[in-house]
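Below: the structure, in structure tokens.
The values are calculated or read from the model by the stated rules, or taken from the named source; none is laboratory data. This structure is a prediction, so every number in the text was calculated from the model and none was measured. All Cβ positions, glycine included, derive from the backbone under ideal geometry; neighbour counts span all protein chains shown.
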């Protein structure tokens, strides 16, 4: 198991729950509905990829560097995808929406690394 990826995954899941609760209790009446939805998407994808980090942490013993690279891609994706959406929803700065797809590509690359690593394993 990759301890660093596991720690970051657990911390990211914790932060996603905190931000989700924060949004539900404090932001719902302060943000326009479309921006509240953007914030919710950020929380959802952060949580999905927190779980992906936990998967990558455990897969590191099985598929090695592929899982480690996937984990770091997931971390970068969380920061860029969810981070840009958090900033967009709270600031209203529309240009941040142009940054979000980069994070999505990082998520896809992470999943691709897990896939290729899994099909490349030769040990039984």
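Residues in the stretch 76-93 that are within 9 Å of the chain's Cα centre (by Cα) and crowded, with 22+ Cβ neighbours inside 10 Å were compared, and the one that is nearest to residue 109 (Cα to Cα) is 77. In the condition set (1) surrounded by 23 or more Cβ atoms within 10 Å (Cβ to Cβ); (2) more than 9 Å from the chain's Cα centre (by Cα), residue 33 is compliant with all but (1). Screening 57, 67, 76 for residues that are out of contact with any strand residue (DSSP E or B) (no Cβ under 8 Å at 6 or more places or on another chain), within 25 Å of residue 118 (Cβ to Cβ), touching a residue at least 60 places away in the same chain (Cβ under 8 Å) and part of a helix (DSSP H, G or I) leaves exactly one candidate, 67. Among the residues of this structure, residue 52 does not count as one that is in a helix (DSSP H, G or I), under 30 Å from residue 117 (Cβ atoms) and at pLDDT below 95.
Please verify whether the stretch 94-111 includes one or more residues that are buried (at least 17 other Cβ atoms within 10 Å of the Cβ), at pLDDT below 95 and in a helix (DSSP H, G or I). Yes, the conditions are met somewhere in the stretch 94-111. Filter the stretch 1-30 for residues that are loosely packed, with under 12 Cβ neighbours inside 10 Å and in a helix (DSSP H, G or I); which is modelled with the lowest pLDDT? Within the stretch 1-30, the match that is modelled with the lowest pLDDT is 26.
Filtered by the rule that a residue be outside any helix (DSSP H, G or I) and on the phi < 0 side of the Ramachandran plot, the stretch 79-93 gives a lone residue, 93.
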